[in-house]
Structures are given as structure tokens and as C-alpha cells.
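Heads up: the structure comes next, in C-alpha cells.
A short reminder: the numbers here are calculations on the coordinates, not readings from a lab. Just so it is clear, the model here is predicted, and its values are computed rather than measured. Methodologically, a virtual Cβ is constructed for each residue, glycine included, from the backbone with ideal geometry; neighbour enumeration extends over all protein chains shown.
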Amino acid sequence: MAGLATTFGSGAMTNSINELSSAQVILLSGSNTTEAHPQVARRIYDAVDQGARLIVIDPRQTAMASLAHIHLQLRPGTDIPLLNGMMRCILDENLVDELFVEMRTENYIPLRDLLLTIDLNEVTATTGVSIKDIARAARIYARAQRSVICYCLGVTQHICGTANVQSYAGLAMLTGHVEREFTGVDPLRGQNNVQGACDMGGLPAVLPGYQMVADPVVRDKFDRAWGVCLSDKPGQTLLDMTHGAGSPGDKLRAMYIMGENPMLSDPVLDQVEATLDSLDFLVVADLFLTETAARADVVFPAASFAEKNGTVTNSERRVQYMNKAIDPPGAARDDGWIIMELSRRMGYAMEYESSAEIMEEICLLTPIYGGMYHDRLIDNWGLQWPCSDRAHPGTPFLHKFSFARGRGRFQPASHVPPAEPVDSAFPFLLITGRSYHHYHTGTMSRCCPTLNREHDKPFLDMHPDDATRLNIPDGSRVQVTSRRGSCKFFLRYCQSLAPGDLYCDFHFHEAPVNVLTLSARDPEAHCPEFKLCAVRVEEVI
Amino acid sequence: MRRKQWILHKDHLLPFLRKLRKSRSLVAPVRNSYGDTMYTEMNDLDNESIELAEQPQNSLKSFFFPQREKLCHYSVDEAVGDSAQAYRFYPSLPESRAVVYFGVRSCDMFAVMYCDTIFLGGRERDVYYDARRRNALFITLACNHPFENCFCNAARTGPYLEMGYDLQFTDLGDRYFVEVDKARGREVVQQWPQFFVPAGDDDRQAHYQAALESRGLFRRQVHVDLAVQLLDQGEEPQALLAELSARCQDCGGCAFICPTCTCFNIVDQPLSDDRGERVRTWDACTFDGFTRMAGNHNSVQIISQRVTKRFYHKLRDDVLRHGRSSCVGCGRCVGMCFGGVDIVRFIDGLCAADDKRSEKREDGHD
């Protein structure tokens, strides 16, 4: 989010998902697309069927990597040197789109100077990818007219997540692969409405539509609409809250958590637990009694997605209307109702008759959502923002003719080693991710008998060579220990990892992976390095 | 003896359905408020709109074999301990309601007949299915305009039915041509004779003409017979199956949308410490857990054979067991599958490989 915002001026997918199937080259990084975004994977299959070339950058041999023409199986956390290597090849082979760089971007000279210092042998030594493969990938990506980059959490959930994203954006700008249909840089969002939550101001420094809290004109507009005086101070990020970065003076005293389960999903769970226990008052609204809800003073039973009307906004900035299919069970209510009731009883009456009325207010106050009235979204596939007014048809791809911030800005970056390198005590690098059958902390999916049958145990994937060396048989119980804690898994031999790397997913409360992970985070986006930590493995006897 | 045929004027359709509804529930294709057409139980004939120009997205399967069905509930007497005696089971049978299914497409009618052989054809009748099925009346609608993915002509289930229905309606513009097959259909005509006028030669001509025209309107050519024949001859298209399996995204959508996929799983769901429900849920052979055994052994190589069972079952095993393929050609899996692993793709791939081989053979002769 922060990475694309500083280079392009807008932190969202530049294209539409449908455009993927017409690309000539797709560069996919840090995404297990078939498992996490099957609807995107479908377009990639279509594109490959039609002759597109697929380049995959991933430390694991995912299904997409097996389909790929080139799989750059880099060492985890070495995206920046790999991309610098690719850009160096592009420079050496005169594949830079000079006209584009000249007319549409800025800060190119520092990038070029950096690239000229890159030693490709060193890149190979750091990343574990051969010079030949780097050069081939660079050539294929740069030469095609319609090349597109897709990336996911494998790129962002690192201490250098923002710089990683900026490097991918740099690669796209260097070769002029932005601003047109079928070309661009597309982050795939983790959930169906993460984009919508960000759009609606679910970030510390912005009000809805990325309007800055610090801007007095913006504040004045919202003050008048809501009849209150808003604070000019940005809020805190989730990790600041749960890991108590704030000064002792503004210690957090109460929290209201909706549909989130930080007791399983946030890093260093001990610390999260301590924070939640130290609160004066904790309110949780969720469908089930999650690990977090179990610690709450008050729990509100919330309605599920199928039990309410409203919109969600997906990766491609598409606002889609969802119809209520069934009534909420028992006393469950939708989150909007709960918030309005709370607000009323706390002395501020919110009197919205329907989600359509709330959407009207969003249209009024949020320029990028200016024309997103419910009646325009019903009976179709929705509209993509920016959509400024009722007559606006929506925007399938961004940065047409000009970047949102004017000129695209190159942000040269150098290698940032993982926050916790392996050593003799903790010799394995643990990668975390998501599996096909479960969603996030399994609050919903683990309650479904068929999904749970498909995947009912926490597995730890290990290369057979490592397992043979440690003399641990396939299927054994193993304990994984990091500097912060340990949890138990079932070992699964897996050829798709490089020796020395381990993989597990974080859906299981029986194996709360985030007791292992670390809270080191990206300096700009504050996204923690979920993807990597150093661990050791022992068989449980 | 030629069966009696009738004419029902379109103006009289709603009054006719209203009469039927006096002693039965009515299920028909209804367009809902967000534009989807589904077979739906109608509560209000005047304010819900029957949609006969669209293919219903669901089939009738879930009306007789629901996605999730409680078979019984149980209680555990903790005083007895954890032994088998501690459990008491209380059966829960669905009530056997009289339901008229109106506007049923030929393929969907055929699918019901297939499900009958599965649930009622063996030595043991499935009492849950039987209870829902026993008092059903089917009024089918012959397809004058096949939809985009339809291939019932190739699957030999449509577009017009020759048997199996109670009444078959054919749209002749301002009137329906009505054919009677089963006794229950005849009873309906006898019970409300005021709606039905005997069909004349003109009507029969128009009906024949419509049937001929609809056969020419299919947009797909799917060689179901050739695929069945190749599989019967022992063809094992391993490479094609491996390619399709790799692309299968394991969602189970094909089996769930399929009107003739009848596999299920039975699980006990505890509701509290001392009681729970035994439920039957739809299952799919493409799932890993469908064939996985204790110790994580799986007789199916999921990576390369995930879809094998599904296609073989439809096009080979059911032909051997029941004398015909159990794919009814409704095309729903074609629209549903987002990996492009539908049965049409399999059949096309199988036939294309055969074409290539025969070309090679011919080249060899030259």
C-alpha cells in the first residue's frame, strides 16, 4: 500500500483482474495464486493457454511455479537484489523504455547509479538464482508489449515490504509497463474487502478515500457532515496497539475488535495476550467465540456476510453489492446495527435506515466513491473506483496518461537481510502462509465439516533431505521453536521447498504459528515480517 | 395406441397452477430480486415471477437430496459412561409433502430419474429421498431454445422428452401443447378438464416443427457417444486427466451443481456435551478427503488423478451399470468451473486425441 502510493500515487491494483488473461507476460511474485486467489489463477491459466509467458518469483514450487516458463526460486527475503539484478540486465541490454522514463517518471538517475554498482555474481550469491535465469526473465519481461506484475503477501510481509513493492514498481516503470491496459503492477489483496476497509479510512492517517487526517480542509468537511470536531492526530496501527509502542502516557485502555482474531493472527502472541489482559475494557464482535472473544468483557454476536446487505471492494477496486441470502440466527445483528446502537446509547444518534443511506453519505464525502450509489451497483458486476459522479463509468485501469502523483518516482533500494537470520541454534527459515481450505484464523472455515475434513491438521513442510538428515519420518509430530516460543505440527515431506526452508500455515489454534513469528516490521507500512523467522525443529517423542 | 394430447392456452396457465397449488406446494423457476433464476418453492403466485426463458441455475437435486440433511439426533447419557449403550438415537424423517414441479427442463427431469435409480433402485430404498420424492408431480417444459452451454441433444436427454414426465408442455406461442405420460399426469387433466382442449392436427404439426427447429439451435457440438465408446474400448487418457487435474482448483462446484452427482458424507455434529445431530452433506470425489484413509494414504494420486473418478463415473461406469451415461448435458459445470475442467473439455480432449491418432493411422497407410 505505502510502496505503490509513494511511487505511483495510488496504492491499489492498477489493472482489472480480467485484463490478466490478455497479457503477454505475467510476472507473479510471492503469491500462491491457485490456493489464495483461485479466481485470479483462472485468468493466468487462460493467459498461458493463449500463449502468454509466466515468470514466477517464489521460494516455493507452487502450482503456479510448476506452470511457469521460468521459476526464479529465490532465497526468502531477497526480492530487492533479484530485482536489482533484473533491472541491471535490462539496462545492460538496452531494454529501458527511455521515452517513458524521460516523460513520465522522476528520480531515475539515482536508480541508474545504483544499478551500475550491482554485481550480478553477488546477486546470484545472495538470491541463489542463476545469472542466466535472471537475464532470461528480464529479457522476457522487458521485451513484451503487455507485461504485468502481480504480487501478494510474499512481497509485502517483510521488514522491507515497502522497498520490495517500490522495486517491483521500478521494474515496471523502467520498461514502461504501466498506464496501459494489460500492463501494470497489481497487488492481490488478502481478503475480499481489505481494499474496501482501507478505502473507508481503516488506516491510521486517513479518513475515507485516503483523505488525510492532517489536512484541515478535509477535517472541516467531515466535521460539518458529522457535527463533531475530529482529532487532527493520526491513529495507531494495529501493531502499535497490540505491542504497546505508544508512550506510557497514552496507554491503550479499551478496545472494540470486529471480526478480527489478533490472538491467533498477530505476531508474538504472548505480547498480544499481555496487552489484551491489561485493558480496562475489551469488546469483541464476531460470529463465533474466537480466542480473542474469549478474553472480552462483552461479546456481540455479529451477522455473517450472507446475512446482511452491503458492498465489498476487491483487489481491482471493484465495489460490488452483496445481497442478504439468509436471516441472521438468534440475536446476531449486522455490525452496522451494533455500531449504531452503541453510538446512540453513548449519546450520538446515527440514524441510517439502510446500507444504501450510508452509501449515499460515502458518495457525498469521498471523491473516489462519488458515484457509487447502491442502485448503480445492483444487478451488475459493480463499478471500479475512481468513480466521481453518477455519470462516471468507473475506472478499469489506473494512471492512464498520467500517474496519480504526476510523475512516477523511482525509489532505489538495496538488500535488507531478514530481521532474524538463521544461525547454528535456529538453523531453519520458517515461511508462513495460507492454505486452500481455510480462511485466516479458521474462525469460520474450521466449523465446516467438509473443509475441516479436507485439512484438519497443522502441517510443517520440510524438504526430505533435511528430514533425512534430522532422521525424522514423514508424518511425525514435531516441535518448532523460535526465540519467542514453540508449537507442534505434523511433519510433511515436501519437494517444493528448498532445503533449509520450512513452510506452515497459520489457520490452526492447535498450532498458533504466531507465537513463533517476530514483530519486526516495515518502517513505513508497519506490516510485520510474518513471512520469515529463524527456528529449530525437534521430533516429539 | 396414440397418447392423448391437449392444448392449454397461456392465459390459463396461472389459473391452472393456482388450482394445482390447492393441494400441493409449487416449485418453479423464479427470477429473484437480484436477477438469478432458480427453481424455488413459490409462496405467492401473483407477486413472484415465473421465468421460463432462462435456465435455472440450480437443478432439482436439492429438493430430494438436500445439501445438508439431518438424519437423526442423538443423546449421550453420561451416567452410562462412554460405551455404545450411552448413545440413544432418534430418527428424523422429512414429511412426505405433495409437490408439483413446474417448468422442469428435460435434462433436469432425466436427472431425477437417474437419482431414482441410485436412491430407490437398489435393495435398500433411501427413506429420506423416498419421503421427498414419493408425492412429486412433474410438469416439464420442452426446450425450444437451448442455452449457451447445453448439449442434451448429444447426451440424449432432450431437448424434448419421450417419457418420464407426468405432463410435458411445449410452448407454441400463445398456447402450450400438453403431452401426458404417467398416471399422475392423466389424473391432473381429468381433475381439471376445463383447462384442456384436445389438440388438433395443426397443433401436432406446430409441435413437430418446434421440436425440429430446437434441434438445430445447439451452439456446442459435444461428442458424448464417441467419448463413451472410447472409454468403453479401454482408452485411458492419462495425460489429459493429469492436465485437467492440475488445473482443478478443488472447489467441488462441479459436483455440487451437477444434477446427477449423488455422493454424500455423514458426520456427527455435537450440539452440546450430551446431544448432537447426525447429518448427511453433499460430497465430491474431487476432494482429497473423499478417498483419503487413515495414515494419510490415498488410493487416488490427487495431483494427477483428481478428476479421473468424476469423468469415468459419468461416462464409463454408469454406462456399464445402468446402460447410459449419467451426464445429462445441462452444461451447468461448464459455467461453474473456473479452472476450465468441465466435462465438455474432457470429452473434447478425449475425442481430439482420437482424431489425431486416426490421422496418424491414415498417414501410415499412405
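Residue by residue through A:63-75, how many Cβ atoms from other chains fall within 10 Å of the Cβ on average? If you can, show how the numbers build up before the last one.
Numbers: counts 4, 0, 0, 2, 2, 0, 0, 0, 0, 0, 0, 0, 0.
Neighbouring Cβ atoms belonging to other protein chains average 1 per residue here.
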Check: Got a sec to turn the phi values of region B:223-228 into Karplus ³J(HN,Hα) couplings, 6.51 cos²θ - 1.76 cosθ + 1.60 with θ = phi - 60°, whole Hz, x for Gly and Pro?
Finding: 8, 4, 4, 5, 4, 4
Notebook entry, point to check: Can you give me the pair-distance distribution of chain A, C-alpha pairs, 10 Å bins, whole percents?
Noted result: 4, 17, 28, 28, 18, 6, 1
Next item on the list: Return a whole-number percent for the relative contact order of region A:30-125, with Cα pairs under 8 Å and 6 or more residues apart as the contact set.
Entry: 19
Notebook entry, point to check: What span do the alpha-carbon atoms of region A:194-384 cover on each of the three principal axes, reported in whole Å from largest to smallest?
Noted result: 47, 44, 36
Margin query: I'd like the distance between the alpha-carbon centres of region B:185-208 and region A:109-162, rounded to an integer number of Å.
Written below: 74
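On average, how many beta carbons from a partner chain sit within 10 Å of the beta carbon of a residue in B:242-253? Walk me through the numbers before you get to the answer.
Working: counts 0, 0, 0, 0, 5, 7, 1, 9, 6, 2, 3, 0.
That works out to 3 on average.
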Notebook entry, point to check: Taking Rh as the Kirkwood radius computed over C-alpha pairs, what is the Stokes-Einstein D of the protein assembly as shown at 25 °C in a medium of viscosity 0.890 mPa s, expressed in µm² per second?
Noted result: 79
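May I ask you to list the trypsin sites (Lys or Arg not before Pro) in region B:1-36 that are in a DSSP loop and have at most 13 other Cβ atoms within 10 Å of their Cβ? Before the final figure, lay out each step's value.
Values: sites: B:2, B:3, B:4, B:10, B:18, B:19, B:21, B:22, B:24, B:31; in loops: B:2, B:3, B:4, B:21, B:22, B:24.
For trypsin sites (Lys or Arg not before Pro) across region B:1-36 that sit outside H, G, I, E and B with at most 13 neighbouring Cβ atoms in 10 Å, the list reads B:2, B:3, B:4, B:22.
Have a look at the DSSP beta bridges in chain A and tell me what percent are antiparallel, nearest 5. Don't skip to the answer; put the middle values down first.
Details: 25 of 63 bridges.
Roughly 40 percent of the beta bridges in chain A run antiparallel, per DSSP.
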Item checked: Rounded D (µm²/s) - region B:188-259, Kirkwood Rh over Cα pairs, Stokes-Einstein at 10 °C, 1.306 mPa s -> 89
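Using just the alpha carbons, could you tell me how many Å³ per residue the convex hull of chain B encloses? Don't jump to the answer; show the numbers that get you there.
On the way: hull volume 70.9 nm³, N = 366.
Dividing the Cα hull volume of chain B by its residue count gives 194 Å³.
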Notebook entry, point to check: Applying the Karplus parametrisation 6.51 cos²θ - 1.76 cosθ + 1.60 with θ = phi - 60° to the phi angles of region B:278-295, what ³J(HN,Hα) value in whole Hz is obtained for each residue in order, glycine and proline being reported as x?
Noted result: 9, 10, 10, 10, 4, 9, 9, 6, 7, 6, 4, x, 5, 10, 5, 10, 4, x
Checklist line | Centroid-to-centroid separation of region A:171-228 and region B:1-66 [C-alpha atoms, Å] | finding: 47
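Return the percentage of antiparallel bridges among DSSP beta bridges fully within chain B, rounded to the nearest 5 %. All intermediate terms of the calculation are to be shown ahead of the outcome.
Details: 40 of 52 bridges.
Beta bridges within chain B, antiparallel portion: roughly 75 percent.
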Item checked: Nearest-20 debye value, chain A charge dipole, Cβ charges on Lys, Arg, Asp, Glu -> 720
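Using 0.36 nm per residue of separation minus the Cα-Cα distance, give me the extension gain between residue A:270 and residue A:324 in nm, one decimal.
15.6 nm
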Margin query: Could you tell me the center-to-center distance, by alpha carbons, between region B:251-323 and region A:342-388 in angstrom?
Written below: 43
Next item on the list: Kindly provide the GluC sites (Glu not before Pro) of region A:84-169 that DSSP labels as loop, not H, G, I, E or B, and whose Cβ sees at most 14 other Cβ atoms within 10 Å.
Entry: A:93
Check: In Å and whole numbers, how far do the C-alpha atoms of region A:2-188 stretch along each principal axis, longest first?
Finding: 40, 35, 31
Check: What base-10 log of the normalised intensity I(q)/I(0) is obtained for region A:428-539 from the Debye formula, alpha carbons as equal point scatterers, at q = 0.10, 0.11, 0.18 Å⁻¹?
Finding: -0.29, -0.35, -0.90
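At 222 nm, what value in deg cm²/dmol follows for the protein assembly as shown if DSSP H runs of at least 4 each add -39500 (n - 2.57) and the sum is divided by all its residues, to the nearest 500?
Values: 37 runs with 302 residues, N = 907.
Result for the protein assembly as shown, helices only: -9000 deg cm²/dmol.
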Notebook entry, point to check: Out of B:178, B:80, B:279, any idea which swings most in a Gaussian network model of chain B, alpha carbons joined below 10 Å?
Noted result: B:80
Next item on the list: List the chymotrypsin sites (Phe, Trp or Tyr not before Pro) within region A:336-411 that fall in a DSSP loop (any state other than H, G, I, E or B) and whose Cβ has at most 15 other Cβ atoms within 10 Å.
Entry: A:348, A:352, A:381, A:401
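Let me know the mean shielding of B:258-269 by other chains, meaning the per-residue number of their Cβ atoms within 10 Å of its Cβ.
Numbers: counts 0, 0, 0, 0, 0, 0, 0, 3, 1, 4, 1, 2.
Neighbouring Cβ atoms belonging to other protein chains average 1 per residue here.
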Margin query: Give the lysines whose C-alpha is closer than 16 Å to that of residue A:488, dropping any in the same chain fewer than 8 places away, or say none.
Written below: A:457
Notebook entry, point to check: Quick one: if you take sqrt(5λ) for each eigenvalue of the C-alpha gyration tensor of region B:295-366, what semi-axes come out, biggest first, whole angstrom?
Noted result: 26, 18, 15
Checklist line | Listed pairs A:233/A:324; B:10/B:182; A:251/A:308; A:324/B:19 exceeding 28 Å between Cα atoms | finding: A:233/A:324; A:251/A:308; A:324/B:19
Check: What translational diffusion coefficient, in µm²/s and rounded to a whole number, does the Stokes-Einstein relation yield for region B:102-232 at 25 °C and a viscosity of 0.890 mPa s, taking the hydrodynamic radius as the Kirkwood radius over Cα pairs?
Finding: 149
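Using mean Cβ contacts within 10 Å as the protection proxy, how do B:348-361, A:519-532, A:294-307 order, highest first?
A:519-532, A:294-307, B:348-361
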Check: For all pairs of alpha-carbon atoms in region A:21-73, what percent lies in each bin of width 10 Å, listed from the first bin to the last filled one?
Finding: 31, 60, 9
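Looking at the protein assembly as shown, what % of its DSSP beta bridges pair antiparallel, to the nearest 5?
Here the antiparallel bridges make up roughly 55 percent for the protein assembly as shown.
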